[in-house]
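The values are calculated or read from the model by the stated rules, or taken from the named source; none is laboratory data. All values derive from a computational prediction rather than experimental measurement. Cβ placement follows ideal geometry from the backbone for every residue including glycine, while neighbour counts extend to all protein chains displayed. Keep in mind that these areas ignore ligands, DNA and RNA; they rest on the heavy atoms of the full protein, side chains included. Shrake-Rupley method; radii C 1.70, N 1.55, O 1.52, S 1.80 Å.
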Amino acid sequence: MRRKDVKTVIVYYFGIPAMRKLLSDERAELEDEYGGLRGTSYDGMPHSPTPGKPTEGLALLANARNAWNRMEEISVREHVLVMDQENIRGCLDTLKGEYKRLIFLRYRDRYNWARIAAASGQPDRTARWWHDKAVDRLGEALEEVPMIDELLGRASRARV
């Protein structure tokens, strides 16, 4: 796998928590908007601050806006993100400790090369060389992941 592709996957990996948060926020908004559809109270009657048939009105509105399908789509996307995160984490765990630390410093913590060199106690050139080796090793590990082409496609389309 090319270094550019591996770096795309790394950035995608560190952006997954934010993407999952956006999806859970959207699901919460949908659930709050159609919250009257949760059922009836203990006395068997639906209660709402508005008169009429609030549950039926909300159900028709949810159906018209395709809310149920959107919530199902959100669940599928969250599952795919979790699986991608687990696959990439498994590949990161195969790296040597210093290589993994360099990747985390560079992509998660967004350190520049001078700061990485200071944190690792190595010259700037050595830190860059180790980084390139770490990316190469991660690329080798990612090639063994099933359906890596789909994961790479999702990573390159992701807005992180």
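Look at segment 99-127: where a residue is closer than 24 Å to Tyr12 by Cα and a partner is open to solvent by 60 Å² or more (accessible area, probe 1.4 Å) and among the aliphatic types (A, V, I, L, M), sitting 6+ places away or on another chain with Cβ atoms under 8 Å, you get Tyr107/Val11. Of all the listed residues (Arg77, Arg106), the sole one being touching a His at 6+ places or on another chain (Cβ under 7 Å) and either outside any helix (DSSP H, G or I) or not aliphatic (A, V, I, L, M) (or both) is Arg106.
Answer with yes or no whether Leu138 is among the hydrophobic types (A, V, I, L, M, F, W, C), within 14 Å of Val9 (Cβ to Cβ) and assigned to a loop (DSSP other than H, G, I, E, B). When the stated conditions are applied, Leu138 does not pass them.
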